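The values are calculated or read from the model by the stated rules, or taken from the named source; none is laboratory data. It should be emphasised that the depicted structure is a prediction, and the values quoted were computed from it without experimental measurement. Please note: Cβ atoms are built from the backbone with ideal geometry, for glycine as well, and neighbour counts cover all protein chains shown.
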Amino acid sequence: MRLGELTGKGEQDIVTGFAIDHRKVAPGTVFGAFRGTRFNGEEFIPDAIARGAVAVVARPEVKVEGAAHIVSDHPRTEFARIAAKFFAPFPETSVAVTGTNGKTSTVEMVRQLWLMAGHHAASIGTLGVTTASEMVSTGLTTPDVVTFLSNVAGLAREGVTHLAFEASSHGLSQYRTEGLPVRAAAFTNLSRDHLDYHKDMADYFTAKLRLFADVLDPNGVAVVWADDPHSERVIDIARMRGNRIITVGEHGDTIRLVAREPTLLDQKLTIAHGGVEYRVGLPLIGGYQAANALIAAGLVIATGGDPAQTFANLARLQPVRGRLERAAICKSGAPIYVDYAHTPDAIEAAIAALKPHAAGRLIIVFGAGGDRDAGKREPMGLAACTGADLVIVTDDNPREEDAAAIRRQVIKGCPQATEIGDRRAAITAAVAAAGPEDIVLIAGKGHEQGQIVGGMVLPFDDVSVAREAAA
Ligand SMILES: CC(=O)N[C@H]1[C@@H](OP(=O)(O)OP(=O)(O)OC[C@H]2O[C@@H](n3ccc(=O)[nH]c3=O)[C@H](O)[C@@H]2O)O[C@H](CO)[C@@H](O)[C@@H]1O[C@H](C)C(=O)N[C@@H](C)C(=O)N[C@H](CCC(=O)O)C(=O)O
Ligand SMILES: Nc1ncnc2c1ncn2[C@@H]1O[C@H](COP(=O)(O)OP(=O)(O)OP(=O)(O)O)[C@@H](O)[C@H]1O
Ligand SMILES: N[C@H](CCC[C@H](N)C(=O)O)C(=O)O
Ligand SMILES: [Mg+2]
């Protein structure tokens, strides 16, 4: 492709690819020079050109010599716009999910529902790029814009027609998912997380709202979980832009959760939609999983899915890896669940999901991540203390921080917690303590396969360790 086809200015240089990291520039690359949190990408422009960049997308005041300067006051948006032209075509139906918790679960459920309806579907998010045949990790929930657009185009080439992706707040604030038409966007909820990166809750929420204010197609559909106090803002934005709105939840107008009856291994949902009442057996436990399943159904219906078929298919949803995953049964008979709860709200939701199933005590093992929002640690401790009967505080990816100091901050919210830094020992202690009527919840790592300590990733899988401890 010629540069002029992308810029409309007639340059004849051949474009071979796009990069936002100068180390990935090869001859023919268009380089995006962005100012970030750690580096100023503009400083790498001469290096990028020396490596063969044919054009640089950068602010007008920046000096670009020896390559075309694609000028923009918002280089990230302009870069995404041009890159999308280069990488297109994309799957004809793409939907996005944002919210503090529930993104991974929802996109995975959308993918499954589409598959059941006979579509060639994929999802992109924390679990990686997932298709019917494989799951490939990208390392981030929302990959950088070049990885994202090239992956999405690659999926289209493989025949994927339907894509559901997670839009994290980092991804939205860094314009990682621009450039492709988003037919429907969902909002799951908002609660505390990532205040190391966002300056406050308002700033965090604003980043998420970008999905509705800027990214969603002008004639796309907003699917909103109505039982969250923040939903009104999302609805206002969608209303202002003239988007069709599907509200979901007990307070939902479009898809109303009329009743939810937990049974031992699943739950029965009564759903009202379009004047019809549906009764569905959802093979997953917990109010939060019912919420995600209904939002997923909302996205499928928003993009043309048949409502009766979609609600009926909820009965065939497979569990999402590491989300209330039943890992093992203790010798005493107590089940052990692994869940990815790593925010105060998620800990509360995971405990609420399991509480009705425990005749005895709920035992929780969890920790908080290093180099992440420190202010959520004490509230995580408090949420565990409030909901669980026995709390064991352990390590969860201390990264470059002092693990003991992180544990102390968590324990501030739960002074009666038992502290066992070594995660394997903590899980073993929880399993040993569990009586026949109890439930063990191991929270925070879900599907993760490693414990990040310093710069090292030590192999660690909560599910395997739970199985060893129970054996
Ligand atoms: C805080 C954060 O999100 N940082 C990400 C982001 O950084 P940034 O835009 O601030 O960039 P920067 O590192 O300051 O660099 C500025 C620019 O210079 C470029 N550069 C930099 C160095 C160099 O030698 N050459 C060069 O060209 C960079 O590519 C970048 O374009 O852009 C980088 C390039 O795409 C990402 O690798 C990096 O993710 C880091 C590794 C990260 O840990 N991010 C996590 C926190 C994250 O994004 N998490 C979210 C949410 C998780 C969830 O709750 O689900 C996610 O979507 O995964
Ligand atoms: N709708 C929900 N409401 C409250 N809590 C939820 C909801 N969905 C999921 N959770 C909690 O959050 C955890 C993470 O869920 P999931 O991975 O789907 O969220 P996510 O938004 O993708 O998270 P991340 O920010 O890490 O990508 C779950 O294991 C559960 O504890
Ligand atoms: N996407 C989240 C995952 C956190 C998972 C938890 N295990 C931790 O390391 O804190 C983050 O990067 O903040
Ligand atoms: Mg996720």
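Conditions tested, residue by residue: (1) assigned by TED's automatic domain parsing to the domain that holds ALA384; (2) modelled with pLDDT under 95; (3) over 26 Å from HIS357 (Cα atoms); (4) part of a helix (DSSP H, G or I).
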position	(1), (2), (3), (4)
ILE406	yes, no, yes, yes
GLN409	yes, no, yes, yes
CYS414	yes, no, no, no
ALA425	yes, no, no, yes
VAL431	yes, no, no, yes
VAL440	yes, no, no, no
GLY446	yes, no, no, no
VAL465	yes, no, no, yes
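Report the residue count in the range 127-153 for those that are free of Cβ contacts under 8 Å to residues at least 60 places away in the same chain and either within 13 Å of ligand 4 (Cβ to nearest atom) or not acidic (Asp, Glu) (or both). Don't jump to the end; show me each part of the working.
Of the range 127-153, the ones free of Cβ contacts under 8 Å to residues at least 60 places away in the same chain are 128-143, 147-148, 151.
Within this subset, residues satisfying the condition of being either within 13 Å of ligand 4 (Cβ to nearest atom) or not acidic (Asp, Glu) (or both) are 128-133, 135-143, 147-148, 151.
Total satisfying the criteria: 18.
Inspection of the range 89-99 identifies no residue that is in a loop (DSSP other than H, G, I, E, B) and hydroxyl-bearing (Ser, Thr, Tyr). Does ALA19 satisfy being more than 17 Å from GLY179 (Cα to Cα) and either in contact with a strand residue (DSSP E or B) (Cβ under 7 Å, 6 or more places away or on another chain) or charged (D, E, K, R) (or both)? Criteria not met by ALA19. Considering the range 275-318, and only residues there that are more than 22 Å from the chain's Cα centre (by Cα) and small (Gly, Ala, Ser), the residue that is surrounded by the fewest Cβ atoms within 10 Å (Cβ to Cβ) turns out to be GLY275.
Being farther than 29 Å from PRO91 by Cβ and touching a residue at least 60 places away in the same chain (Cβ under 8 Å) is the requirement here; does ARG183 meet it? Against the criterion (farther than 29 Å from PRO91 by Cβ and touching a residue at least 60 places away in the same chain (Cβ under 8 Å)), ARG183 does not qualify. Going by what's in this entry, would ARG279 be described as in a strand (DSSP E or B), out of contact with any helix residue (DSSP H, G or I) (no Cβ under 6 Å at 6 or more places or on another chain) and not assigned by TED's automatic domain parsing to the domain that holds ARG377? Considered against the rule, which asks whether it is in a strand (DSSP E or B), out of contact with any helix residue (DSSP H, G or I) (no Cβ under 6 Å at 6 or more places or on another chain) and not assigned by TED's automatic domain parsing to the domain that holds ARG377, ARG279 comes out as yes. Here VAL182 fulfils each of the conditions (1) closer than 15 Å to LEU209 by Cβ; (2) among the aliphatic types (A, V, I, L, M); (3) within 16 Å of ligand 4 (Cβ to nearest atom) apart from (3).
Could you say whether any residue in the range 411-428 is in contact (Cβ under 8 Å) with a residue 60 or more places away in the chain and not aromatic (Phe, Trp, Tyr)? The answer is yes; a qualifying residue exists. Considered as a group, the residues in the range 60-76 that are at negative phi and exposed (fewer than 15 other Cβ atoms within 10 Å of the Cβ) include one that is nearest to ligand 2 (Cβ to nearest atom), and that residue is HIS74.
Selection of the range 43-59 for residues being buried (at least 18 other Cβ atoms within 10 Å of the Cβ) and either touching a residue at least 40 places away in the same chain (Cβ under 8 Å) or out of contact with any Gly (no Cβ under 6 Å at 6 or more places or on another chain) (or both) yields PHE44, ILE45, ALA48, ALA53, VAL54, ALA55, VAL56, ALA58. Does any residue of the range 154-162 turn out to be assigned to a helix (DSSP H, G or I) and either without any contact (Cβ under 8 Å) to a residue 12 or more places away in the chain or surrounded by fewer than 19 Cβ atoms within 10 Å (Cβ to Cβ) (or both)? Within the range 154-162, one or more residues are assigned to a helix (DSSP H, G or I) and either without any contact (Cβ under 8 Å) to a residue 12 or more places away in the chain or surrounded by fewer than 19 Cβ atoms within 10 Å (Cβ to Cβ) (or both). If you filter the range 418-471 down to residues that are under 10 Å from ALA327 (Cβ atoms) and within 16 Å of ligand 2 (Cβ to nearest atom), you find that the one that is surrounded by the fewest Cβ atoms within 10 Å (Cβ to Cβ) is ASP461. Restricted to the range 317-373, and to residues there that are among the β-branched types (Val, Ile, Thr) and within 19 Å of THR106 (Cα to Cα), the residue that is farthest from ligand 2 (Cβ to nearest atom) is VAL338.
Test of understanding: among THR37, THR98, which residue is within 16 Å of ligand 4 (Cβ to nearest atom), under 28 Å from ALA185 (Cβ atoms) and either surrounded by fewer than 16 Cβ atoms within 10 Å (Cβ to Cβ) or modelled with pLDDT of 95 or more (or both)?
Working: THR37 fails: within 16 Å of ligand 4 (Cβ to nearest atom).
One residue alone meets the criteria, THR98.
Taking the numbered list (1) assigned to a strand (DSSP E or B); (2) modelled with pLDDT under 95; (3) not basic (Lys, Arg) in turn, PRO356 passes all entries but (1).
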